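Can you read through this structure? Questions will come right after.
The values are calculated or read from the model by the stated rules, or taken from the named source; none is laboratory data. Quantities reported herein were computed from a predicted structural model and do not represent experimental measurements. Neighbour counts are summed over all protein chains in view; Cβ atoms, including those assigned to glycine, are modelled from backbone coordinates with ideal geometry. Calculation scope for accessible area: heavy atoms of the full protein, side chains included, ligands and nucleic acids excluded. Shrake-Rupley method; radii C 1.70, N 1.55, O 1.52, S 1.80 Å.
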Amino acid sequence: MALFSKKKTEEEKPQFSVLPNHLGIIMDGNGRWAKKRGLPRTAGHKEGAETFRTISKECAELGIKYVTFYAFSTENWKRPKEEVDAIMRLFKEYLLEAKRDFVKAGNNKIVFIGERKGISDELNALMDEAEAETADHTGTTIYLAVNYGGRQEIVSAVNKLISEGKTEITEDDISSKLYTVPECDMIIRPSGEERLSNFLLWQAAYSEFWYSDVLWPDFGKEELYSALREFEKRNRRFGG
Ligand code: FPP
């Protein structure tokens, strides 16, 4: 028996021959997770926020350069106010926690994508602060899509080009006016749903998809590793 066992923090990470440069994750199934346990939907979101913490940390430790989490869509405002308020509170808690020590939180960059209009001044200020305080971090960029819609992103890019007087536009023109999110290599969607739901429409043009029946609050490192193992095997041809 070894005299010294490796501490958990020193555990070796699985090795991957190739990793997605940009991974997109649709955090789905919080409501069903709560319902199955006879809990309010908000309890599912709270647990989902914990999963977000675990998985974002793991992605960073594996060395994935960019990860986008779909946290709140432009359509999610239609949900009951109590549920929307609870989700906004979870964002606030996360940002306050990050603010207590932006360095300790890792060398990761936090960036929000989505429409800021409609979000409270208090939350907007915390979002600005998190972005500013982590802007020169060189680790993983964690994009949080909040009040985000892929169509809205494209329409707003086109409107910016129109206001600049463009009458004919190229793909590069549109790309230049989107949120500065790179092409997405893989999208993970748990909870048994197999659709894109207005997520990264432009950037997902050549994304590999990976689905799982596991509900987001139960999504763990093993599911992440399975998705990444599958990514290693995919033969990406980009239409060629
Ligand atoms: C979709 O599941 C989930 C959401 C609309 C909210 C996601 C928000 C979180 C995971 C909390 C994020 C917190 C931080 C700190 C980033 P659903 O509610 O539609 O699930 P259902 O399809 O089972 O009803």
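Give the shape of segment 32-109 as rounded, prolate or oblate, defined through the alpha-carbon gyration tensor: a ≥ b ≥ c are the square roots of its eigenvalues, a/c under 1.5 means rounded, and otherwise the shape is prolate if a/b is larger than b/c and oblate if not.
Judged from the Cα gyration tensor, segment 32-109 comes out prolate (a/c at least 1.5, a/b above b/c).
Once amide H atoms are placed 1.01 Å from N in the peptide plane, what residues at a sequence separation of 5 or more from Ile25, or on another chain, have their amide H within under 5 Å of its amide H?
So Ile25 has HN proximity to Thr68, Phe69, Tyr70, Ile188.
Turning to a different aspect of this structure: Leaving out ligands and nucleic acids, note down the accessible area per residue over the chain with a 1.4 angstrom probe, in whole Å².
56
So what is the relative contact order for segment 131-240, in percent, with contacts set as C-alpha pairs under 8 Å and at least six apart?
Once divided by the residue count of segment 131-240, the mean separation gives 23 percent.
Continuing with the same structure: Going Cα to Cα from Lys160, which aspartates and glutamates come in below 19 Å? Please leave out same-chain ones fewer than 8 positions away.
Glu115, Glu168, Glu171, Asp172, Asp173
Which value in deg cm²/dmol, rounded to the nearest 500, describes the helix-derived mean residue ellipticity at 222 nm for the chain, given -39,500 (n - 2.57) per DSSP H run of n ≥ 4 and division by the residue count?
-13000 deg cm²/dmol
Okay, moving on. If you build the convex hull over the alpha carbons only and average its shadow over all orientations, what do you get for the chain? Give it in nm² to one decimal.
Average projection, Cα convex hull of the chain: 16.5 nm².
When ranked by the protection proxy of mean other Cβ atoms within 10 Å per residue, highest first, what sequence do the peptides 20-28, 48-56 form?
Ranked by mean Cβ neighbours within 10 Å, highest first: 20-28, 48-56.
Please report, as a whole percent, how much of the solvent-accessible surface of segment 77-153 comes from carbon and sulfur atoms (probe radius 1.4 Å).
52
Here's something else I'd like to know. For segment 182-196, what does the Karplus curve 6.51 cos²θ - 1.76 cosθ + 1.60, with θ = phi - 60°, yield as ³J(HN,Hα) per residue in whole Hz, taken in order and with x for Gly and Pro?
In residue order, the calculated couplings are x, 3, 8, 8, 8, 10, 9, 10, x, 6, x, 7, 10, 9, 8 Hz.
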